[in-house]
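Q: The structure is given below, and queries will be raised subsequently.
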Amino acid sequence: MAQFAIDRRSLFKGAGALVVSIGLPGGVATAEIGGAMKPPLSPDRLDSWLAVKADGDVVAYFGKMDMGQGVDVAIAQIVAEELDVPVERVNVVMGDTAWTVNQGGASGSTGIQKGGIPLRNAAAEARRVLAELASQRLGVPADRLEVTDGVVAVIGDPARKLSYGELIGGRYFDLPMTWNGKIGNDLVAEGQAKPKPPNAHKIVGQSTPRFDVPAKVFGKLDYVTDIKVPGMLHGRMIRPPVAGALPLAVDDGSVRDIAGVQVIRDKGFIGIVAEREWDAVQAAERLRVTWSETAPPFPEMAALYDHIRQAPVVKREVPVATGEIDPAFTSAARIVEAEYEWPFQSHASMGPACAVVDARADGATLWTGSQKPHFARDGVAHALGLPQDKVHGIWVPGPGSYGRNDAGDAGIDAALLSKAVGRPVRVQGMRYEGHGWDPKGPASIHRARAALDKDGAVIGYVFESKGFSRIDIDTNESDPSHSLAGQLMGLPLKSLQGFGVPAESYGFASKRLAWETIAPLLDRASPLRTAHLRDPVGPQIQFASESFVDEIAAAIGADPVVFRLRYLKAPRDIAVVKAAAERAHWDPRPSPRPDRNGDILSGRGIAYAQRSGAVVAIVAEVEIDRRTGKVWARKFIVAHDCGLIINPDGLRRCIEGNVVQGTSRALAEEVAFDRAKVTSTDWTSYPILDITDAPEAVDIVLINRPELPPAGAGESSIRPVAAALANAVFDASGVRLRRAPLTPERLKPALA
Amino acid sequence: MAERIVFELNGETRTIEVAPDTPLLYVVRNELGLNNPRFGCGLAQCGACTVHVDGAPTRSCSLPVSAAAGTKVTTLAGLGTPEHPHPLQAAFIVEQVPQCGYCLNGWIMTAAALLRDTPHPSEQQIRDGLSGLKCRCGTHMAILRAVRRAAQAA
């Protein structure tokens, strides 16, 4: 039986003890480190990005995050590539606000796409500097030196050599980088050195295992839920039973029999703390609160889409308008139109959010699972009235993160409780909070119209979405106005407005793509507030737009692949559609298939999407049980182009996760609510794809484009999944489902 | 009122004074300091808290610790170690299964009992045996590959 080393990086505790003092090629050793004498953290310093330990191991300081898809591995590969060291010798430190600059955290799948740029530049610069230093020490021009595995040697005289450890190990690079002055996703820093051309890559492009997997599999990796701080109390929050209700009275006596319980209340914010976690859980259940009589704020669930149709528009944008739309529809020989609906969906992370905060008079420490720990730190500082630099944010892996979930709320809740009781407090939600009170992916409707001429050519195309904003709650937690705690304490909503349009390159003769947002359902802390959920608004928009493209094809009796290829303009889009169809042995014919008999119906569908520099086409093959109306996504064929590929195996697993989560959202997921509250508050009322319903295969075709920069892959392949499934259901059954999810309850009656 | 409760945890006899209705999960995590079983739902729906109690996969979030008195409790960390991995742990590493990994206790502990009782399961037996467990990252395909791999290695 094989043995496994738990990677040292998995057990890495604090970056502080790694590097010992500072020095420079031709510069001055300035300081000893370990804390106080550490150089200031700033994007315009090379030592804020990279350090070399005494033993020659490299530390890369990454200001974005990995949430389990191996972004940190890709960053290690990029750094190792530029420095010419083995990837095993690169430690990636991320998510600690004392050691990493704010590159925006996990955000829009830009970990490699944007987050990798300064790291690549810094590693190239470090290699240049180290070669220069070796040149001085060895008395040989730099162009007569080569670097292998972190050792600089004279070409043709390999005995004359110096390792990176010997050259600078344990000392910092006290050198400048050029910084564009931005913080977050768009931060760019560069040195004098130019990174390698892709044809010189030896490490980038190689499949490299994840660093964290062994520790996770042996139960040795601590999550944020596992943080224990001396003196720590356990906290739980109390949420209103009717959304919007305010507490009129809190009866502390109702929990007095539970040892050590304290109730903390500030306006609508109610929390309890206890020495023992189980006591906190029970006290939160038992605490008697008298709530205000509040009119239930939500529409009936069955009236959700009518509400969206009728609600006043808060903001409208028309990001794409080409050609003469109105004449196209006036002169059309035929008009095809359809409307689609997508429900609220929940992050439904594996665990409800958790955070630990130690709030002291002069500063605070935050342990958070937020995927944007720098911003989470800012939010806690704001909530505590402390300067940002007095709050140390430490990311520890959380129980799943796919956007702006409940993690940010937990941080601010813990901060306020800790401040109130003067001790560190760990807050974890209960399941009903994870499902019921997380910010939701927005519900929406999508109207599509196509004008066809007498030959069936598309001469006009209009696609308009209307829904709740994707950023009713902001993408990050830096402002407590966007947290439950802040809103419960009376901070006014600052609903931001945003939605999106289909991401495609159909060259229809005229085209208008627009969106409209509507107001949130409640003007205060709401279980139906909306925010970023993996590929924000992408699955719903593309569900509608790619379903509609199939509807146009069906209207003119065209094969769905042939129809797409007739109109697609972007070469990479054409390439993925062709690659998916070819791998799927796509047999050109119109949908639905003519022979639709028997208890088990089968069919295939295609959909495609662009996303921020990536492009994906997916063929779904489904089976439908006519007796139950249940859809099984039997097989997917995915053609995926995200530019230069850094880690092919890592990418494949990332795509698999996208496709399975996308299948779950397409077939099963819908937040249920009544007029007072969210009612889908556990895994029974909010089912996700069970493993008995997992596909038989997810077949992936990776298209590598070394000539292009790497784009993100964390969300691009979830985008076309729902449409591919809906199109396959239509092909198999002749039934066009325009409301997601595609449940048996919706399909069975239509199968008759 | 706290009671004295004795059970075996990963091969060591442990004695605690605790309210007997406290779920085993909280005792293992907080009183006994073993972090690997995790709180996911507290409703026995997701599996993140799964341990073996006398060999049976059990949702420790919903088992009063008093019911574990006198039993042998094994957690993921007690199933195998880097030096002596359980075949499923080896397979989960080879297949690079977890993403966030918070769900792993459920999958590995349940599959371990499945493979013990059914060493050469069919695909359907694997799927049925793991039904109900949750993975939000969607690593279903890799989980199935890993369980098949471990079954073949047995």
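The values are calculated or read from the model by the stated rules, or taken from the named source; none is laboratory data. In this text, all values refer to a predicted model and were calculated from it rather than measured experimentally. Heads up, the Cβs are rebuilt from the backbone with ideal geometry, glycines too, and the neighbour counts pull from every protein chain shown. Protein only, heavy atoms only, side chains kept; ligands, DNA and RNA dropped before computing areas. Shrake-Rupley method; radii C 1.70, N 1.55, O 1.52, S 1.80 Å.
Q: What value, in deg cm²/dmol to 500, does the helix sum -39500 (n - 2.57) over DSSP H runs of n ≥ 4 give at 222 nm once divided by the residues of chain B?
A: Working: 5 runs with 48 residues, N = 154.
It comes out at -9000 deg cm²/dmol, rounded to the nearest 500.
Q: Further question on the same structure: Given an 8 Å cut-off on Cα distances and at least 6 residues of separation, report the relative contact order of chain B as a percent. All intermediate terms of the calculation are to be shown ahead of the outcome.
A: Values: 267 pairs, mean separation 35.3, N = 154.
Over chain B, the number comes to 23 percent.
Q: Just for region A:51-199, what percent of DSSP beta bridges are antiparallel, to the closest 5? It would help to have the intermediate numbers written out before the result.
A: Values: 12 of 17 bridges.
Roughly 70 percent of the DSSP beta bridges within region A:51-199 come out antiparallel.
Q: Kindly tabulate the residues in region A:179-213 with an accessible-area decrease of at least 10 Å² between the chain alone and the assembly of all protein chains, using a probe of 1.4 Å.
A: So the qualifying set is A:PRO209, A:ARG210, A:VAL213.
Q: Which loop GluC sites (Glu not before Pro) in region A:303-357, with loop taken from DSSP, have no more than 16 other Cβ atoms within 10 angstrom of their Cβ?
A: Working: sites: A:GLU317, A:GLU324, A:GLU337, A:GLU339, A:GLU341; in loops: A:GLU324.
Filter output for region A:303-357: A:GLU324.
Q: Rounded, prolate or oblate: which one fits region A:155-241, using the alpha carbon gyration tensor with axes a ≥ b ≥ c (rounded when a/c is under 1.5, else prolate when a/b beats b/c, else oblate)? Numbers along the way, then the final one.
A: Values: a/c = 2.21, a/b = 1.81, b/c = 1.22.
Since a/c reaches 1.5 and a/b is larger than b/c, the shape of region A:155-241 is classed as prolate.
Q: How many percent of all Cα-Cα pairs in region A:50-152 sit more than 19 Å apart?
A: On the way: 2233 of 5253 pairs.
When all Cα pairs of region A:50-152 are counted, 43 percent exceed 19 Å.
Q: Also, I was wondering about something else. Would you mind getting the Kirkwood hydrodynamic radius of region B:79-153 from its Cα pairs, rounded to one decimal in Å?
A: Values: mean 1/r = 0.0822 Å⁻¹.
The Cα-based Kirkwood calculation yields 12.2 Å.
Q: Measure up A:LYS64/A:LYS196; A:LYS216/A:LYS390; A:LYS511/A:LYS630; A:LYS53/A:LYS202; A:LYS440/A:LYS494; A:LYS267/A:LYS494 against 25 Å on the Cα-Cα distance and list the ones that go over.
A: Numbers: A:LYS64/A:LYS196 23 Å; A:LYS216/A:LYS390 32 Å; A:LYS511/A:LYS630 36 Å; A:LYS53/A:LYS202 23 Å; A:LYS440/A:LYS494 16 Å; A:LYS267/A:LYS494 19 Å.
From A:LYS64/A:LYS196; A:LYS216/A:LYS390; A:LYS511/A:LYS630; A:LYS53/A:LYS202; A:LYS440/A:LYS494; A:LYS267/A:LYS494, over 25 Å: A:LYS216/A:LYS390; A:LYS511/A:LYS630.
Q: Do the sum for chain A: with -39,500 (n - 2.57) for every DSSP H run of n ≥ 4, divided by all residues, what is the mean residue ellipticity at 222 nm, to the nearest 500 deg cm²/dmol? Show your work: numbers first, answer last.
A: On the way: 17 runs with 188 residues, N = 752.
Counting only the DSSP helices, I get -7500 deg cm²/dmol.
Q: Report the FRET efficiency, 1/(1 + (r/R0)^6), for A:GLU300 and A:ASP251, where r is their Cβ-Cβ distance and R0 is 41 Å, rounded to 0.05.
A: Working: r = 33 Å, r/R0 = 0.80.
Approximately 0.80, to the nearest 0.05.
Q: Another question about this same structure. Using a 1.4 angstrom probe on heavy atoms only, work out the carbon and sulfur share of the accessible area of the protein assembly as shown in %.
A: Details: 15820 of 30940 Å².
Ligands and nucleic acids excluded, carbon and sulfur reach 51 percent.
Q: Further, regarding this structure: In nm, to one decimal, how far is the A:THR178 label point from the A:LEU496 one, both placed 7 Å along Cα→Cβ?
A: Each label point lies 7 Å from its Cα, and together they span 3.0 nm.
Q: Past 21 Å, Cα to Cα, is the threshold; run A:LYS114/A:LYS466; A:LYS114/A:LYS182; A:LYS220/A:LYS419 against it and keep the listed order. Working shown, then result.
A: Working: A:LYS114/A:LYS466 30 Å; A:LYS114/A:LYS182 12 Å; A:LYS220/A:LYS419 31 Å.
Among A:LYS114/A:LYS466; A:LYS114/A:LYS182; A:LYS220/A:LYS419, the Cα-Cα distance tops 21 Å for A:LYS114/A:LYS466; A:LYS220/A:LYS419.
Q: What FRET efficiency do you get for B:ASP54 and A:THR679 if R0 is 41 Å and r is their Cβ-Cβ distance, rounded to the nearest 0.05? List each step's numbers first, then the result.
A: Details: r = 37 Å, r/R0 = 0.91.
Efficiency computed from Cβ-Cβ geometry: 0.65.
Q: Select from region A:239-316 those trypsin sites (Lys or Arg not before Pro) which occupy a DSSP coil region and have at most 15 other Cβ atoms within 10 Å, ordered by residue number. Walk me through the numbers on the way to the answer.
A: Values: sites: A:ARG256, A:ARG265, A:LYS267, A:ARG276, A:ARG286, A:ARG288, A:ARG309, A:LYS315, A:ARG316; in loops: A:ARG256, A:LYS267, A:ARG276.
Of the trypsin sites (Lys or Arg not before Pro), the ones in loops of region A:239-316 whose Cβ has at most 15 other Cβ atoms within 10 Å are A:ARG256, A:LYS267.
Q: Next question. Any chance you could look up the accessible area of A:THR628 with a 1.4 Å probe, heavy atoms only, rounded to 10 Å²?
A: 70
Q: Region A:211-296: which GluC sites (Glu not before Pro) are DSSP loop and have at most 16 other beta-carbon atoms within 10 angstrom?
A: Numbers: sites: A:GLU275, A:GLU277, A:GLU285, A:GLU293; in loops: A:GLU275, A:GLU293.
Passing sites in region A:211-296 are A:GLU275, A:GLU293.
Q: In Å² (nearest 100), what accessible area is buried between A and B, both sides summed, heavy protein atoms only, 1.4 Å probe? Mind showing how you got there, number by number?
A: Working: alone 28230 and 8010 Å², together 30940 Å².
So the buried area, both faces added, is about 5300 Å².
Q: Would you mind calculating the relative contact order of chain A from Cα pairs under 8 angstrom and at least 6 residues apart, reporting the percent as a whole number? Mind showing how you got there, number by number?
A: On the way: 1878 pairs, mean separation 98.1, N = 752.
13 percent.
Q: Same structure again: Select from region A:677-692 all residues whose loss of accessible area on going from the chain by itself to the full protein assembly reaches 30 Å² or more (probe 1.4 Å).
A: A:TRP683, A:ILE688, A:ASP690, A:ILE691, A:THR692
Q: Determine one quarter of the surface area of the Cα convex hull of region A:586-628, which equals its mean projected area, and express it in nm² to one decimal.
A: Numbers: hull surface 16.6 nm².
Orientation-averaged projected area of the Cα hull: 4.1 nm².
Q: Buried by at least 50 Å² relative to the chain on its own: which residues of region B:93-133 qualify, computing accessible area with a 1.4 Å probe on protein heavy atoms?
A: Hits at the 50 Å² cut-off: B:ILE93, B:GLN96, B:PRO98, B:GLN99, B:CYS100, B:TYR102, B:ARG127.
Q: Round to the nearest 0.05 the FRET efficiency obtained for A:ARG309 and A:ARG144 when R0 = 51 Å and r is the Cβ-Cβ distance.
A: Values: r = 73 Å, r/R0 = 1.43.
Here the calculated transfer efficiency is 0.10.
Q: Hey, what did region B:1-59 get for relative contact order, percent, Cα under 8 Å, at least 6 apart?
A: Details: 64 pairs, mean separation 11.2, N = 59.
With pairs under 8 Å counted, the relative contact order is 19 percent.
Q: Now a separate question. How much length would be gained if the chain were fully extended between A:VAL188 and A:ARG746, taking 0.36 nm per residue of separation minus their Cα-Cα distance, in nm to one decimal? List each step's numbers first, then the result.
A: Details: separation 558, 0.36 × 558 = 200.88 nm, distance 4.89 nm.
196.0 nm is the gain from fully extending A:VAL188 to A:ARG746.
Q: Two decimals is fine: what is log10 I(q)/I(0) at q = 0.15, 0.16 Å⁻¹ for region A:228-298, from a Debye sum with one equal scatterer on every Cα and no solvent?
A: Ignoring solvent entirely, the Cα scatterers give -0.49, -0.55.
Q: Only bridges whose two residues both fall in the protein assembly as shown count here: according to DSSP, what percent of them are antiparallel, nearest 5?
A: Values: 105 of 139 bridges.
Antiparallel: roughly 75 percent of the beta bridges in the protein assembly as shown.
Q: Moving on. How big is the antiparallel share of DSSP beta bridges in region A:316-437, given as a percent to the nearest 5?
A: Details: 10 of 15 bridges.
Counting only bridges with both partners in region A:316-437, antiparallel ones make up about 65 percent.
Q: While we're here: How large is the accessible surface per residue of the protein assembly as shown, computed with a 1.4 Å probe and reported in Å² as a whole number? Intermediate results must be reported in sequence, preceding the final value.
A: Numbers: 30940 Å² over 906 residues.
Spelled out: the 1.4 Å probe surface of the protein assembly as shown, per residue, equals 34 Å².
Q: Mind jotting down the distance between the C-alpha centroids of region A:643-706 and region B:24-68, whole Å?
A: For region B:24-68 versus region A:643-706, the Cα centre distance is 27 Å.
Q: Next question, about the same structure. Which value, in nm² and rounded to one decimal, describes the direction-averaged projected area of the C-alpha convex hull of chain A? List each step's numbers first, then the result.
A: On the way: hull surface 141.7 nm².
If I average the Cα hull's projected area over directions, I get 35.4 nm².
Q: For A:ALA697, project a label point 7 Å along Cα to C-beta. Then give me every residue of region A:620-651 with its amide nitrogen under 18 Å of that point.
A: A:620-623, A:632-640
Q: Checking the cross-link filter: which aspartates and glutamates have an alpha carbon closer than 16 Å to that of A:LYS748, excluding same-chain neighbours under 8 positions apart?
A: Straight-distance partners of A:LYS748: A:ASP599, A:GLU623, A:ASP625, A:ASP731.
Q: So if I take the centroid of the Cα atoms in region A:549-598 and the same for region B:120-134, what is the distance between those two points in Å?
A: Measuring centre to centre over Cα atoms gives 35 Å.
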